[in-house]
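Take a look at the structure below.
Every read-out reported here was derived from the displayed coordinates using simple, explicitly stated rules and does not represent laboratory data. Fair warning: this is a prediction, and the values are worked out from it, not measured in the lab. In this analysis, Cβ positions are derived from the backbone assuming ideal geometry, glycine residues included, and neighbour counts consider all displayed protein chains.
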Amino acid sequence: MDSTELNIMGKTKKNGGNSMKRFFYFLSCALILLCVFGCKKNDSKKTETSQMDSADAAIQSGNPYLTDYGTSDGIDIDMSGMNYNLVNAMNFDMAMEPENFYGKVIKMRGQFFSGVEPETNLRFYYCILYDATACCQAGIDFQMSGNKIYPDDFPPEGTNIEIVGTFKDFSDLLNDGRSYTGILCDSITVLD
């Protein structure tokens, strides 16, 4: 038997060209991995740096809610241009520290939905924003100012809307000690 033959369990196989094929296969895989992960590393550094710069500016300003998210047209927090992750983070902040948001004028875009709370028979309205895969949602509860009647004064459910209103405490609507905050909505604009 010469050096190019192997005896495996009584069978003889030639091994001449396989080692070169394996070498080029592993070399190709290594180059592909280097290209894929090499490009992502540079992009993530740029994104991380810009996020850190934005966070640092918000902290130094003393009031990140107004400085970074406000507009010149009387809107304190403009969530209408935010993606799902930012809206979700802002909702978390509103839930954990609502006192920082009371009285702020908020603007948001999303889809309109409503539902009735069975214990109080109170109708709740929602402006919902979906993530990129449409599997998760973040949104804001709102109540309408004035004497609006559902469904006559509201768009059909699932309609894309923009709402503007003042963040406030609605716990008095529940009358059972539960906390409930949301937007007292001045206007609903249909975007479709």
* Asked: So for the range 72-184, taking the charge dipole from beta-carbon charges (+1 Lys/Arg, -1 Asp/Glu), which of 165, 103, 80 sits furthest toward the positive end?
  -> 80
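Place a +1 charge on the Cβ of each Lys and Arg in the range 120-176 and a -1 charge on the Cβ of each Asp and Glu, then give the dipole magnitude about the Cα centre in debye, rounded to the nearest 20. Could you put the intermediate results ahead of the total?
On the way: 3 positive and 9 negative charges, 11 e Å.
Charge dipole, the range 120-176, about its Cα centre: 60 debye, nearest 20.
Sort the following peptides by mean Cβ neighbour count (other Cβ atoms within 10 Å, averaged over residues), highest first: 160-168, 105-113.
Answer by packing, highest mean first, reads 105-113, 160-168.
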* To do: Using 0.36 nm per residue of separation minus the Cα-Cα distance, give me the extension gain between residue 192 and residue 176 in nm, one decimal.
  => 2.0 nm
